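So the structure is just underneath, and the comments pick up after that.
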Amino acid sequence: MTIAAPQTAERVQRSFTSRSQIAVLLQEARARTLQLIETVSEADLRAQHDPLMGPILWDLGHIGHFEELWLDRNLDGKVEFVEMPGMYNPFEHPRRVRGALPLPTLGATLDSMTEIRERVLERLARVDLESEDPLLRGGYVYQMVLQHEYQHNETMLQTLQLKAGAPYTPGTRREPPPVALPNGSRAEMVRVDVSNATVGTEDRLWSYDNERPRHVVDLSPFWIDRTPVTNEAYLAFIDDGGYRRRELWSDAGRTWLDESKAEAPKYWTREHDSWLCRSMDRVSSPELTAPVIHVCYHEAEAFARWAGKRLPTEAEWEVAASRDPSAGVSLAYPWGDRAPNASDANLDQLTFGVAPVDAYGANVSPLGCYGMLGDVWEWTSTDFDGYPGFEPFPYAEYSQVFFGTEHKVLRGGSWATRWGAIRNTFRNWDYPIRRQIFSGFRCARDD
């Protein structure tokens, strides 16, 4: 299915065209959720495989009750996130304790999700999508619930990779295209010199609150890597003693290194004189031309220092991904405002891993950067905070409660990100020590 692209500030804002379109997208999202777990036993869905991630059975229940909260129970009045049922409230029950909750059976959970969906569709027939209520206008609340399910799909995939016992085996797989000739600049880095650069959006029909408002940033000219850092480049860092050279690591990075005892990215193991890496369902030597994945912020920062570079700020990242200098506009996706599809970028989960760089010929920004969307989330040096003039909507618990210095911003989505949950303005965030996420990076340097 092709999901329509959100519009940038320079274009007319989009909305759902019909209730039937909403129903189809809700159905497609649920079908994908169930497809991801079709080969997984109920015991594995119930188990807490790692303190970092709760049971997938909890995610399923949370998806259903989030939908009930926003699309049925309180659709006509003010909604408070604290109304989320206690068992499925993530603030009452953090991930590390969810395995001890009295979760219902898989059958009962799926029956509940089906019953909630039936009520949602019945109410959909009566919803005024032309309402002046910003939650309803253009179907915003349906967009939000769809993206919520998409994002939990990625969370479920993180859990499935951490799963103990037999590795996860997907029921359906899509192979990435063969590698094409490199697009854009063949140079290692791309120079960016954009005056009066703008980031963010004014869109209120698709985007999250933390993506707004659109604002001007003061950027000096800079250079940014044409591609994400590859396994080949990262192996050179490892071979040069990168994990042992403490001068490459920040104070926080050295603390993490001492505690983690890491010697390579997560899921890498040393066999004799070679490295092996485990993806979702296979173990193999690292594909040299593919982006390195499952590295934390501290590893990315140390590599950048080793390479004589730094991590980009999120504003630099967004300008490199979105700015079309010839037209003087910012694009929704690196390739334009056209709706994404399977040939544009390594997104939407079904490749179940990273692809070699330059495999997706359309995935090049006007400034010449490849792979700004898909394959790996990219760490930036920016702390997660609200933009100037930020206003929480429709609930503070999505973004605002995480603002501060504890989380770093990641950009660009990964192979596990659904098309409808990524765009050039999308902001993700996590703790700098996290590696179970599908994270990589690219470097920058001053002009």
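Restricting Tyr387, Tyr398 to those that are at pLDDT 95 or above, open to solvent by 10 Å² or more (accessible area, probe 1.4 Å) and part of a loop (DSSP other than H, G, I, E, B) reduces the list to Tyr387. Can Asp375 be described as among the acidic types (Asp, Glu), surrounded by 24 or more Cβ atoms within 10 Å (Cβ to Cβ) and assigned to a loop (DSSP other than H, G, I, E, B)? It is true that Asp375 is among the acidic types (Asp, Glu), surrounded by 24 or more Cβ atoms within 10 Å (Cβ to Cβ) and assigned to a loop (DSSP other than H, G, I, E, B). In this structure, does Glu28 turn out to be in contact (Cβ under 8 Å) with a residue 24 or more places away in the chain, in a loop (DSSP other than H, G, I, E, B), surrounded by fewer than 22 Cβ atoms within 10 Å (Cβ to Cβ) and not hydrophobic (A, V, I, L, M, F, W, C)? No; evaluated as a whole, the condition is false for this residue. When the criteria are applied in full, Gly64 meets the requirement of being within 23 Å of the chain's Cα centre (by Cα), more than 18 Å from Pro167 (Cα to Cα) and open to solvent by less than 20 Å² (accessible area, probe 1.4 Å).
For every residue, the table says whether it meets (1) of a type outside the set (A, V, I, L, M, F, W, C); (2) open to solvent by less than 20 Å² (accessible area, probe 1.4 Å).
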| position | (1), (2) |
| --- | --- |
| Thr227 | yes, no |
| Ala233 | no, no |
| Gly242 | yes, yes |
| Trp249 | no, yes |
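Residues in region 401-444 that are of a type in the set (D, E, K, R) and in contact with a strand residue (DSSP E or B) (Cβ under 7 Å, 6 or more places away or on another chain) were compared, and the one that is surrounded by the most Cβ atoms within 10 Å (Cβ to Cβ) is Arg442. In this structure, is Tyr360 farther than 30 Å from Asn89 by Cα and in contact (Cβ under 8 Å) with a residue 60 or more places away in the chain? The answer is yes for Tyr360. Within region 313-368, the residues that satisfy the criterion of being touching a helix residue (DSSP H, G or I) at 6+ places or on another chain (Cβ under 7 Å), open to solvent by less than 10 Å² (accessible area, probe 1.4 Å) and not hydroxyl-bearing (Ser, Thr, Tyr) are Pro334, Pro340, Leu347, Asp348, Gln349.
The values are calculated or read from the model by the stated rules, or taken from the named source; none is laboratory data. Note that the coordinates shown come from a computational prediction; the quantities given were computed from them, not determined experimentally. Cβ sites come from the backbone with ideal geometry, for glycine too, and all protein chains shown count toward neighbours. Protein only, heavy atoms only, side chains kept; ligands, DNA and RNA dropped before computing areas. Shrake-Rupley method; radii C 1.70, N 1.55, O 1.52, S 1.80 Å.
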